[in-house]
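Report on one structure; see the data block that follows.
The values are calculated or read from the model by the stated rules, or taken from the named source; none is laboratory data. Note that the structure is predicted; figures quoted are calculated from it, not measured. Cβ placement follows ideal geometry from the backbone for every residue including glycine, while neighbour counts extend to all protein chains displayed.
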Amino acid sequence: MAENYSVTPWEVKGKVDYDKLIVQFGTQKITDQLRRDLQSAVGELHPMLRREIFFSHRDFDIILKEWKEGRSFFLYTGRAPSLGMHIGHMIPFVFTAWLQKKFGVNVYIEITDDEKFMRNLEYSLDQTRQWALDNILDIIAAGFDPDKTFIFQDTEYIRNMYPLAIKIAKKLTFSEVKATFGLDVSSNIGIIFYPSLQIVPTMFEKRRCLIPAGIDQDPYWRLQRDIAESLGYYKAAQIHSKFLPPLTGPEGKMSSSVPESAIYLIDDHKTVERKVMKYAFSGGQPTVELQRKLGANLDVDVPYQWLYYFFEEDDQKIKRIAEEYSSGKMLTGEIKQILVEKINSFLDLHRERRERARDMVKDFKYEGRLAKAMWEKIHE
Ligand code: TYM
């Protein structure tokens with residue numbers, strides 16, 4: 001039966017059934033056992049794991065098993081730059097920075113100024129490069145280690161990646177890429193070649209690569225896993241996240257192209273308050289009397305979901321909010337106000353870190369210990 005949702009690297013539509021998606025994409029659910037194994041390896045669990053925002057994986061169990069035996073791995077994630085990142089975009093970066101702190105491993109972050117340019121007729125290369133520089137500040141603000149993190153723009157680092165990129169490209173046929181990404185014969189040839197560039201960083205080291213990212217990126221990793229071993233590398237492991245829903249309703253994902261659906265990292269206090277109060281989709285009842293009597297439906301309530309997924313890390317507090325709001329003790333206006341305060345204090349801190357990041361860009365891109373070593377390496 002056709003599903004009433006769809007997830008591709010460019011679009012998420014409908015209310016995603018994440019359990020079904022695991023079956024459809026052939027990934028594995030993150031089990032209680034796996035969470036316990038991670039906790040015993042690093043001493044604690046990030047709230048995004050406790051709350052199952054990161055819910056699916058491939059070979060994460062192998063990564064942990066090998067880690068126990070003394071074998072290390074590296075982390076890889078990325079971003080197609082746009083004019084201003086939104087809160088949903090921070091999920092993989094916040095989580096990857098946490099993994100880096102816990103395991104002390106290298107992180108590679110690909111900024112695909114090429115992908116963004118080739119996929120959108122209306123964008124110039126100057127624009128996507130400019131956005132890359134801007135987005136890198138937000139990414140650094142997530143808290144990466146400047147000596148163990150390499151952030152690179154494809155249009156700058158291509159010379160070092162090109163030999164490996166063409167080896168990968170030679171293993172992928174047009175018909176595979178076409179079927180995987182829904183391209184057709186009118187697609188420009190740049191975007192047909194592009195998947196090999198998103199695959200290259202999975203082979204930056206001769207160790208296992210672990211990719212934390214939204215599950216929309218999974219098609220790339222399916223191709224990678226088909227060909228990695230024939231090139232002498234490991235199949236990439238992944239840990240997949242769900243999507244932060246748009247402010248305007250529980251379906252799809254927050255998207256930069258629909259401004260009222262997103263809170264941008266540059267939104268000021270007033271804008272945050274206005275957007276949440278005006279647009280946040282509520283599972284509460286239409287009148288105070290009915291809300292007191294019937295309570296809210298948390299399954300569709302966006303303010304609750306944002307608190308649960310990202311903004312309220314305290315398990316006791318989120319439990320209390322769930323109880324009071326679903327029983328009618330708490331009103332819609334009250335939960336929205338809690339969310340506004342949480343978002344604004346997150347953004348205040350983020351903007352401070354973003355300002356400090358300006359002086360660190362050169363370390364992450366060129367001069368830090370890992371960055372320097374990477375510029376001396378040609379990937380084959
Ligand atoms: P991009 O720029 O579309 O997305 C960057 C990352 O953000 C995740 N994401 C979200 N996560 C939660 N809620 C949302 N509403 C939301 N919207 C986006 C995406 O899943 C992704 O992890 N082709 C890639 C760039 C890239 C990349 C990579 C991504 C290159 N190499 C390696 C991940 C890993 C892209 O267009 O990402």
(Q) Here are the criteria: (1) closer than 29 Å to Ala373 by Cα; (2) in a helix (DSSP H, G or I); (3) within 9 Å of the ligand (Cβ to nearest atom). Tell me which single one Ala213 does not satisfy. (A) (2)
Q: Could you tell me which of the residues Ile343, Ile335 is modelled with pLDDT of 95 or more, in contact with a Phe, Trp or Tyr (Cβ under 6 Å, 6 or more places away or on another chain) and closer than 30 Å to Thr287 by Cα?
A: Ile335
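Can you name the helices (runs of 4 or more DSSP H) wholly within segment 245-329 that have at least 3 residues being within 14 Å of Ile343 (Cβ to Cβ) and touching a residue at least 40 places away in the same chain (Cβ under 8 Å)?
Numbers: elements: 269-279, 288-294, 302-306, 315-327.
The qualifying helices (runs of 4 or more DSSP H) are 269-279, 302-306.
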Q: Would you check which residues across segment 96-139 are more than 30 Å from Asp37 (Cα to Cα) and among the β-branched types (Val, Ile, Thr) and list them?
A: Ile111, Thr112, Thr128, Ile136
Q. Could you list, in sequence order, the residues of segment 1-36 that are modelled with pLDDT under 90 and more than 16 Å from the ligand (Cβ to nearest atom)?
A. Met1, Ala2, Glu3, Asn4
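Are any residues in segment 21-67 among the aromatic types (Phe, Trp, Tyr) and either on the phi > 0 side of the Ramachandran plot or touching a residue at least 40 places away in the same chain (Cβ under 8 Å) (or both), and if so, which ones? Talk me through it step by step, then tell me what you get.
First, pick out the residues of segment 21-67 that are among the aromatic types (Phe, Trp, Tyr): 25, 54-55, 60, 67.
Residues satisfying the conditions are Phe25, Phe54, Phe55, Phe60.
Is it true that some residue in segment 353-369 is farther than 23 Å from Ile151 by Cα and either charged (D, E, K, R) or touching a residue at least 12 places away in the same chain (Cβ under 8 Å) (or both)? First the steps, then the outcome.
Initial filter on segment 353-369 (farther than 23 Å from Ile151 by Cα): none.
So far as segment 353-369 goes, no, none of its residues is farther than 23 Å from Ile151 by Cα and either charged (D, E, K, R) or touching a residue at least 12 places away in the same chain (Cβ under 8 Å) (or both).
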Q. Do you know which residues across segment 115-139 are free of Cβ contacts under 8 Å to residues at least 12 places away in the same chain, among the small types (Gly, Ala, Ser) and assigned to a helix (DSSP H, G or I)?
A. none
**Q.** Odd one out for Cys209, checked against (1) surrounded by fewer than 21 Cβ atoms within 10 Å (Cβ to Cβ); (2) in contact (Cβ under 8 Å) with a residue 60 or more places away in the chain; (3) within 25 Å of Glu380 (Cβ to Cβ)
**A.** (1)
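Look at Ser256 and say whether it is more than 13 Å from the ligand (Cβ to nearest atom) and of a type outside the set (Asp, Glu). Walk me through it before giving the result.
On the way: more than 13 Å from the ligand (Cβ to nearest atom): no; of a type outside the set (Asp, Glu): yes.
No.
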Q: State which residue is surrounded by the most Cβ atoms within 10 Å (Cβ to Cβ) when the search covers only segment 226-253 and only residues that are within 12 Å of the ligand (Cβ to nearest atom) and of a type in the set (A, V, I, L, M, F, W, C).
A: Ile239
Q) Of everything in segment 57-89 that's among the hydroxyl-bearing types (Ser, Thr, Tyr) and more than 13 Å from the chain's Cα centre (by Cα), which residue is farthest from the ligand (Cβ to nearest atom)? A) Ser72
